[in-house]
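This report refers to the structure that appears directly beneath it.
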Amino acid sequence: MSNATLNPTKYATLPDGPDRLARQLAGPQKSPAAVRAAATAWLSEAAGPVRDADSAMQALAWAHAATWLRQSLPAELCDALEQRLLAIADDARTIDLHQEPLLRNLLAGELCLTLSCLLPEVRNYRRLKTPAREALTSGLVNLLDNEGLPHARHMDLLRPLLACWTRCGLLGERLKGGCWSKTAEKQYCWLVRNAVGMTRYDGAHVFSNGQAKGDDEELFTAALRLSGNDDSRNIARLALPRGARPEAGKRGKRLYLPIPATHSEWAATAVLRSSWSRESPRLTILYPGQSMTLELAAGHDVLLSGCWQWEVQRDGAGAPPVSSWEATCWVSDNDVDYLELEIDLGDGLKIQRHVLLAREDRFLMLADAVLGDRSAKLQYRSRLPLGPKVAACEEKETQECFLFSGKKRVAMVLPLALPEWRYASHEAGTLSVEKVKSMRATGSACATGSASAAAWLQLQQTAQGQRMFAPLWFDLDPRRIARRMTWRSLTVAQSMQVQPADAAVGYRVAVGKQQWLVYRSLAKPANRTVLSHNLSTETLIARFKDGETQSLIEIE
C-alpha cells in the first residue's frame, strides 16, 4: 500500500494509532515485496526534516513496525530505516515546543520513547530514553496551566496531545520510574479531566466539526485507566457518551465531585457549566489576544460555536482595540458562573464584557458595556455564530428570537436594552438573523480551531451619551420557552432624579411566573434606586421569589 493512500491524521487520536498505521503500511499480512516497496518509498519521501504531524505519525508507524521488519526486509534496508528514525529523533530536539507543540511531543517525546522501549537491543536507541522523558515532562509542564488546561491558541490540539501522552504513558508502564516526572503525572491527570469536561454531547471536542466517536471512546478508556483518578472516572460517567464511559467500580462512600466550571487567565480559557451532566448548559470561551471564540451547548445541541465578532464606532469613527482581553472578575458558586473581561479601545474608550450562566435558573447573559469619557454617538454591533445544526427565527412584531434544532425550540434570545416591540425600536437598534458575509470589523479575529458558522445572531444598538449597555438574555430552559414572556427597561433614580441610560440601567425579565432583575451602573457606582431597591453596587443580577429579591450575583 502506498503512503499516499493513507491518512495518518485519523490515527492521531487513537491510543494504539501508530501500531495500527504500521500494520496498514507494512504489517505481517503484507507480502515481502509490498513491504520493501513501502519502506523504500518512505525512505525517499522522508529524506528531509519532519515538519508536520502526518509525517510524524508515519515515522512513529515505522518505529512500531521495526519489531517485525527484519523478518521481511533485507538487513541493509532495515539498517537504513533505523538510521533514518534515529536522525529524525535527533533532529526533533531543534523543534520549538511553543511553536510546534504537537510535533515536538510526537517526535522528541513519543518517537524517542518508542524506539528506546520497543528496540532496547539497539544501542543507539538506548540513549533516547532520557531525552524522551525530558521532552514529555517539558511538554506537560509548559504547555498546560497548573490545572491541566492548554492555552487557548492550542485548544484544537487538546485531543491529539492527550492521545500522544496517553500512548507514552502506556509505554512508560514498562519503565522503572515511568516516562515523565511526578509533576507531569499530575498535569496529565488534570488534562484527562479537562478533556472529559470539554466534550460535546455526541463525544466530539468543543469547536470541532465532529469526529469518529469510536476513536474518542478508545482514547478516553485508555486515558481514564492510565490517570487512575476516581473523580475523573465519576465525572466521565456523567459527561461522556455511553460508549466512552468507564465501568462503575464497587460501591463505596459517596464522592463529592468538584465544581464543573473552570477559568484560567494563563490559558485565556473559561468553561461555565451548570453541572457535569452532558446535557447541562455549558459555555466555553477562548480569549487569546484580541480575539474571542465561544461555544454554547445545551442538551443535545450546540447553539453557538465560533468567533464572537463585534465593532464599536464613536461619532462615525471606528474604535479598534489597542490591548488584549483581560479577565477582571471570575465567580463560580452554587448559583452562577460569572466571567468579566475588559479590552481597551484607546482614546478613553473601553469594553467591559459580562458573561453569566445561572445554574438552577438556566439562563445565560452575554453583555457588553461600552464605556467612554465624553458624550458622543455610540454605535455597537455584535455577531454571535449559530451552531452547525441550529436555526434562528425572528418574531415579526417583537424583538425576541428563537433558536431551533429541527422543528424544536431550544432557546429564546431577548435583547434587554431594546424595546420589546419592533415598531418602537428602529432608532435604538435591532436583533436580527444574518447569513454569513465577510465582516471587516474590530474583534473579528478568532482563536484557532473554531468552526465556520452559516448564520449569525446580530445585535445592533445606537445611543447618544458617554456609555452604553448591550445585553442579550438566553433562556436555556425549553420548558419555559412556550410560556408568556416580556421584558422592560426600568427607571433608575438617584437623589429623586431619573438617571440617563449612560449612567445606570435596569431591566426586568419575566417568563411565566419567573422573574429576574438586571442592574448595571455605567457611571461611578452611587446610591441609586430601581424597583424600590436601593443599590450602591456596580452590577446586580437577581431573581424574584415570593415577593423578594434573591441575589444571584452582586459586584461592588
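The values are calculated or read from the model by the stated rules, or taken from the named source; none is laboratory data. Worth saying up front: this structure is predicted, and the values here are computed from it rather than measured. Every residue, glycine among them, receives a Cβ derived from its backbone with ideal geometry; neighbour counts consider all protein chains shown.
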Pair list, Cβ < 8 Å and 6+ apart or interchain, from the range 412-441 residues that are buried (at least 16 other Cβ atoms within 10 Å of the Cβ) to residues that are modelled with pLDDT under 80: L418/S425; P419/S425
Tally time: how many residues in the range 532-556 are of a type in the set (G, A, S), over 17 Å from L416 (Cβ atoms) and in contact with a strand residue (DSSP E or B) (Cβ under 6 Å, 6 or more places away or on another chain)? 1
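Would you mind stating whether A270 is under 29 Å from A222 (Cβ atoms), assigned by TED's automatic domain parsing to the domain that holds L476 and within 16 Å of the chain's Cα centre (by Cα)? Give the derivation first.
Values: under 29 Å from A222 (Cβ atoms): yes; assigned by TED's automatic domain parsing to the domain that holds L476: yes; within 16 Å of the chain's Cα centre (by Cα): yes.
Yes: the conditions hold for A270.
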So which of T13, T9 is under 34 Å from the mean Cα position of the chain (by Cα), among the hydroxyl-bearing types (S, T, Y), surrounded by fewer than 21 Cβ atoms within 10 Å (Cβ to Cβ) and more than 22 Å from Q71 (Cβ to Cβ)? T9
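Scan the range 426-435 and tell me whether some residue there is of a type in the set (V, I, T) and within 20 Å of the chain's Cα centre (by Cα). Walk me through it before giving the result.
Filtering the range 426-435 down to residues of a type in the set (V, I, T) leaves 430, 433.
From what's left, within 20 Å of the chain's Cα centre (by Cα): none.
No, because not a single residue in the range 426-435 is of a type in the set (V, I, T) and within 20 Å of the chain's Cα centre (by Cα).
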Please verify whether A53 is modelled with pLDDT of 90 or more, surrounded by fewer than 22 Cβ atoms within 10 Å (Cβ to Cβ) and out of contact with any helix residue (DSSP H, G or I) (no Cβ under 9 Å at 6 or more places or on another chain), treating the condition exactly as stated. no
I'm trying to understand the selection: among the residues of the range 72-99, which are without any contact (Cβ under 8 Å) to a residue 24 or more places away in the chain and either farther than 30 Å from A152 by Cα or part of a loop (DSSP other than H, G, I, E, B) (or both)? A75, E76, C78, D79, Q83, A87, I95, D96, Q99
Taking interchain pairs and intrachain pairs at least six residues apart, which have beta carbon atoms under 6 angstrom, with the first residue in the range 327-342 and in the same structural domain as M365 (by TED's automatic domain parsing) and farther than 10 Å from H263 by Cα and the second among the polar types (S, T, N, Q) and part of a strand (DSSP E or B)? E340/T328; E342/T328; E342/Q352
Tell me, yes or no, whether the range 366-378 has at least one residue that is of a type outside the set (V, I, T) and not in a strand (DSSP E or B). no
